[in-house]
Amino acid sequence: MTTAEALDITIEEAENTPEEEIYAAYPHDSLWVPDGKNGERVNETNFARLFRDINLVKFHNGTFYTKEGVKSREQIASDIWGSLAEAGLNRSTKSTVENMLAACAYAATVPKFTVDENVIPFANGNYYVRERLFRYGEITTVPYRLRVAFSPVVPDTPYFDKWLNDLLEPDDQRTLQEYLGYCMVPVTSCQKALFLVGEGGAGKSGLGVILEALLGSAEINVSNTQEFIGNKFMLAELEHKLVLYDDDLDSAALSETGLYKKLITNTIPITADKKYGPTYKFTPKIKLISCCNRMLTSIYDKSGGFYRRLLPLIVKPIRRDFVPDLRFYEKLKQEAEGIALWALAGLIRLMDHDWVLSESQRTRDYMESKQNIENPLPLFMEAAFDFDPEAPGVSTRQIISLYNEWCIKNAYKPQSNRSVQTWLSENAERYGIKQDTNIKEGDKRVRGYRGLIVKEKSDGKIQLV
């Protein structure tokens, strides 16, 4: 059992401004004015200010932020109607609500709305990450409020424990614990996208159930990651969200990885469009999580920069004695408070390690194998050449010829000649070789690379395997 005491988390009561004090600042005669017909009408300006202060509303870039998180214009209008109805308004309701909605937007407008990266807004208060402090009942304006409540002591989590142990090896469970904690904060310091990789029916979808139970509106569940991030209107939905989750990642290779990599690192603003609104820029704090049968690949990007952003966890095979429980995920949801504390323990450990996620040897081996399959050029270079800055070099034509022969013998799919030349040019410094147009080949001078020596066996034949 994980407890707040074991995690050295301090708990204190929040000091919020009582609603009575806010209401006292707006006496009855400031909210209603005579309408000239022996009655009263709403003072829309003051009523909007009171509504703003009671609900902690802020308005920026066409979006309403409240103590409960983002609300649509329709939701704000409904809340305004409820306030007016409670106050006794029973005529001109529609026009008054419409006017009040506009007045509230003006009253609540702020020049900028930023997220406090140090705060996790639980359902029942705010947790301060660096201080390990939970303020019970604290009310602040937030872009989202998590669905789960913070509880200092929670019962054991037998269904979650079973799901976790059936799905992952212990060292990969440690990684998932850290990543779930990472998902609860609006930062992208780890710069990794998470993948659960394995056969269908193994229980990977349980992660989506857990994320929804923890994060609520701070998570976006998509049916196709590639289509989502390729839609300029959908990109706007990533603002002030924590996770983009795909339960069944499309196995098709990415044709373009620039935006995908940018979303993982999230260090510079991206451009998005809101329908019927202007183009604008924001810096998303999203984490990409996917379940898949096969790991994500790219058609063109074979670089280390792409693969080092990917963090696969390999799920266990389905047990032969496995018997499905049709209500298992419902039971899993009931343990959300315990899972949240478990994730906080992972977050604390992750921060202690300066945002470097734990990676099992299984994950490292899998990614190395995946990279070798997608781009065997590094393996080829080590197998085919010795490196000496003083060596006269090898022609580009011979390098490509040797590469194609090596790929055939080792069951790799060769890349195009152009791709090989591009890769050599980009990685020359890594091997201490230099591009040169004066490499001797027979009685000719051709393009190639100095610093290379073709490896040979004792019988004088070229060693390619």
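Condition test on residue 208, is it in contact with a Lys or Arg (Cβ under 6 Å, 6 or more places away or on another chain) and not hydroxyl-bearing (Ser, Thr, Tyr)?
When the stated conditions are applied, residue 208 does not pass them.
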Discussion item. Can you find a residue that is touching a residue at least 24 places away in the same chain (Cβ under 8 Å) and within 24 Å of the chain's Cα centre (by Cα) anywhere in the range 91-110?
Written reply: no
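Residue by residue, here is whether (1) polar (S, T, N, Q); (2) in contact with a Ser or Thr (Cβ under 7 Å, 6 or more places away or on another chain); (3) closer than 28 Å to residue 305 by Cα holds:
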site	(1), (2), (3)
367	no, no, yes
376	no, no, yes
438	yes, no, no
445	no, no, no
Exercise for the section: Answer with yes or no whether residue 303 is among the small types (Gly, Ala, Ser), farther than 14 Å from residue 244 by Cβ and either touching an Asp or Glu at 6+ places or on another chain (Cβ under 6 Å) or at pLDDT below 80 (or both). Expected result: yes
Per the filter on the range 24-50, residues in contact (Cβ under 8 Å) with a residue 40 or more places away in the chain and touching a Ser or Thr at 6+ places or on another chain (Cβ under 6 Å) are 42
Could you please let me know if residue 90 is over 28 Å from residue 13 (Cβ atoms), in a loop (DSSP other than H, G, I, E, B) and outside the structural domain of residue 283 (by TED's automatic domain parsing)? yes
Scanning the range 313-341 for residues that are free of Cβ contacts under 8 Å to residues at least 24 places away in the same chain and among the basic types (Lys, Arg), the one farthest from residue 180 (Cα to Cα) turns out to be 320
Counted residues in the range 264-296 being touching a strand residue (DSSP E or B) at 6+ places or on another chain (Cβ under 8 Å), under 18 Å from residue 112 (Cβ atoms) and either outside any strand (DSSP E or B) or of a type in the set (A, V, I, L, M) (or both) come to 6
Restricting the range 446-465 to residues that are assigned to a strand (DSSP E or B) and modelled with pLDDT under 90, the one nearest to residue 388 (Cα to Cα) turns out to be 456
Q.
Quick check on residue 344: is it in contact with a strand residue (DSSP E or B) (Cβ under 8 Å, 6 or more places away or on another chain), part of a loop (DSSP other than H, G, I, E, B) and in contact (Cβ under 8 Å) with a residue 40 or more places away in the chain?
A. no
Restricting attention to the range 59-87, the residues that are exposed (fewer than 13 other Cβ atoms within 10 Å of the Cβ) and assigned to a loop (DSSP other than H, G, I, E, B) number exactly 1
Counted residues in the range 312-341 being part of a helix (DSSP H, G or I) and of a type outside the set (A, V, I, L, M, F, W, C) come to 6
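Within the group 382, 429, 368, which residue is modelled with pLDDT under 90 and either within 30 Å of residue 169 (Cβ to Cβ) or not assigned by TED's automatic domain parsing to the domain that holds residue 296 (or both)? I'd like the intermediate steps shown before the answer.
Values: 382 fails: modelled with pLDDT under 90; 429 fails: modelled with pLDDT under 90.
So the residue among 382, 429, 368 that is modelled with pLDDT under 90 and either within 30 Å of residue 169 (Cβ to Cβ) or not assigned by TED's automatic domain parsing to the domain that holds residue 296 (or both) is 368.
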Return yes or no: is residue 19 out of contact with any strand residue (DSSP E or B) (no Cβ under 7 Å at 6 or more places or on another chain) and over 21 Å from residue 146 (Cα atoms)?
yes
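For the subset of the range 135-156 comprising residues that are of a type in the set (Phe, Trp, Tyr) and within 24 Å of the chain's Cα centre (by Cα), which member is nearest to residue 284 (Cα to Cα)?
Within the range 135-156, the first condition is being of a type in the set (Phe, Trp, Tyr), and the residues that meet it are 136, 144, 150.
After this cut, where a residue has to be within 24 Å of the chain's Cα centre (by Cα) as well, the list is 144, 150.
Values: 144: 14, 150: 25 Å.
By that ranking, first place goes to 144.
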(1) within 17 Å of the chain's Cα centre (by Cα); (2) modelled with pLDDT of 90 or more all hold for residue 308 apart from (2)
By residue number, the members of the range 390-423 that are among the small types (Gly, Ala, Ser), farther than 19 Å from residue 438 by Cβ and touching a residue at least 24 places away in the same chain (Cβ under 8 Å) are 419
If we ask which residues in the range 70-87 are within 36 Å of the chain's Cα centre (by Cα) and hydrophobic (A, V, I, L, M, F, W, C), their number turns out to be 4
Counting only residues that are under 16 Å from residue 430 (Cβ atoms) and outside any loop (DSSP other than H, G, I, E, B), the range 384-419 contains a total of 5
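For the range 435-445, what are the residues that are free of Cβ contacts under 8 Å to residues at least 40 places away in the same chain and either part of a strand (DSSP E or B) or surrounded by 15 or more Cβ atoms within 10 Å (Cβ to Cβ) (or both)? Let's see the steps before the verdict.
Filtering the range 435-445 down to residues free of Cβ contacts under 8 Å to residues at least 40 places away in the same chain leaves 435, 437-438, 442-445.
435, 437, 438, 444, 445, listed by residue number.
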| said: Regarding the range 346-369, can at least one residue be identified that is out of contact with any helix residue (DSSP H, G or I) (no Cβ under 8 Å at 6 or more places or on another chain) and among the basic types (Lys, Arg)? | reply: yes
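The values are calculated or read from the model by the stated rules, or taken from the named source; none is laboratory data. Computed from a prediction, not measured in an experiment: that's the story for all the values here. Note that we place each Cβ from the backbone using ideal geometry, even for glycine, and neighbour counts take in every protein chain shown.
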